[in-house]
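The values are calculated or read from the model by the stated rules, or taken from the named source; none is laboratory data. This one's a predicted model, so the numbers in the text were calculated from it and none came from an experiment. Here the Cβ positions follow ideal geometry from the backbone for every residue, glycine too, while neighbour counts run over all protein chains shown.
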Amino acid sequence: MLFLVAGEFIGEFGGEVIATQELNRRKRLYDAAGVGERFCFVFDLKCGLQIDASASGNNTRYMNSAVARANVTAVLVNDHG
């Protein structure tokens with residue numbers, strides 16, 4: 001079992017950065033394919049962009065950062081200056 005200290009870095013949410021319009025298009029495709037919310041792993045950057053980890057993400061997409069029942073806290077880091 002792995003024990004973590006509060007505030008410890010766990011990992012980087014990996015995926016493709018997309019605009020809201022593209023996210024909406026993808027959600028329609030996921031719904032049409034019958035996978036809907038079960039396959040949609042998206043992190044909202046709150047600036048009109050999201051990170052879609054549905055097809056190209058890593059294991060951090062399975063962490064729960066939902067507001068209602070979060071077990072992790074997201075911290076936005078700009079590592080590109």
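Note down all Cβ pairs under 7 Å where the first residue falls in segment 44-63 and is without any contact (Cβ under 8 Å) to a residue 24 or more places away in the chain, the second is aliphatic (A, V, I, L, M) and in a strand (DSSP E or B), and they're at least six residues apart or on different chains.
The qualifying pairs do not exist here.
Anything in segment 35-66 that is part of a strand (DSSP E or B), aliphatic (A, V, I, L, M) and under 10 Å from the mean Cα position of the chain (by Cα)? List them, or say none.
Val42, Ile51, listed by residue number.
So which residues in segment 1-34 are among the small types (Gly, Ala, Ser), exposed (fewer than 10 other Cβ atoms within 10 Å of the Cβ) and in a loop (DSSP other than H, G, I, E, B), if there are any at all?
Pass one, segment 1-34, residues among the small types (Gly, Ala, Ser): 6-7, 11, 14-15, 19, 32-34.
Keeping just the survivors that are exposed (fewer than 10 other Cβ atoms within 10 Å of the Cβ) gives 6-7, 32-34.
Correct list: Ala6, Gly7, Ala33, Gly34.
Search segment 1-13 for residues that are closer than 22 Å to Ile51 by Cα and pair each with any residue that is of a type outside the set (Gly, Ala, Ser) when their beta-carbon atoms are under 6 Å apart and the residues are at least 6 apart or on different chains.
Note: pairs meeting the criteria are Gly11/Thr60; Phe13/Phe43; Phe13/Ile51; Phe13/Thr60.
Give me a count of the residues in segment 1-49 that are among the polar types (S, T, N, Q) and closer than 16 Å to Tyr62 by Cα.
Matching residues across segment 1-49 total 0.
For segment 35-81, enumerate the residues that are at pLDDT below 80, surrounded by 12 or more Cβ atoms within 10 Å (Cβ to Cβ) and hydroxyl-bearing (Ser, Thr, Tyr).
Ser65
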